[in-house]
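For reference, the structure is listed below as structure tokens.
Derivation of every value follows stated rules applied to the coordinates shown; laboratory data play no part. Keep in mind the model is a prediction, meaning the values are calculated, not measured. Note that each Cβ is placed from the backbone with ideal geometry, even for glycine, and that neighbours are counted across all protein chains shown.
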Amino acid sequence: MEKQIGDMLDRMLQRKGAGTGFRLAQLWRNWDMVMGDELRHLAIPIGHRKSTLIIGAEDNMAQQELTYFTYEIIERVNAFLDEPFFDKVQVDLLLGKPALDEIEMPAIEPYVPALPPRPERLGALLGKLDPASPVTRCYEKYVRMYEKTDGQRTDMKEITDERHPDR
């Protein structure tokens, strides 16, 4: 079942064009491994334009040397991508352009919604409802949710009190 969902998601992303962006992001992250020891310091990924891979060089000598390795670079990159994605390499001078293999992706903080205030008589019905009822199980889980967050709030308060004893 999981494989089917993954395949459907992959096909949908491919139709929307997002699959290419994900694969290229993997290429930029693994650039040193793809290029190997001899080329990773010379060839610095800058981007792509359609089927042209754009790499940067630190100076004119490195730029000239990279022109001799264009076919090998195309072969390595296309082998990593498992398809003939690029057919040309354009070698530019860096001139302060950022390298794609050095860009850090921002961390995404998960959104945790704030709970509404705890009801005053929450938990008063525990043990009074039919234990086989789905409503009882739902109510018990609701009560546990507030107990769990109350414990976390207490822990955070204790940590704050330990760090700042004058508060």
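Per-structure values
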| quantity | calculated |
| --- | --- |
| R0 of 41 Å, Cβ-Cβ distance residue 10-residue 59: FRET efficiency to nearest 0.05 | 0.50 |
| Tensor-based shape of region 37-151 (alpha-carbon gyration tensor, a/c under 1.5 rounded, otherwise prolate or oblate) | prolate |
| Nonlocal amide H pairs with residue 93, under 5 Å, H built at 1.01 Å | 57 |
| Of the GluC sites (Glu not before Pro) in region 53-143, those whose Cβ has at most 13 other Cβ within 10 Å and which sit in DSSP loop | 58, 102, 104, 120 |
| Cβ-defined net charge surrounding residue 37, 14 Å radius [Lys, Arg +1; Asp, Glu -1] | -1 |
| Fully extended contour minus Cα-Cα distance, from residue 38 to residue 93, at 0.36 nm per residue | 17.9 nm |
| Gained length - residue 121 relative to residue 139, 0.36 nm times residue gap less alpha-carbon distance | 5.2 nm |
| 146, 68, 111 arranged by Cβ crowding within 10 Å, fewest neighbours leading | 111, 68, 146 |
| Relative pair counts by distance (%), Cα atoms of region 11-93, 5 Å bins | 3, 15, 27, 27, 15, 7, 4, 2, 0 |
| Nonlocal amide H pairs with residue 54, under 5 Å, H built at 1.01 Å | 46, 47, 48, 49, 90 |
| FRET E, pair residue 29, residue 112, Förster distance 45 Å, beta-carbon r, rounded to 0.05 | 0.95 |
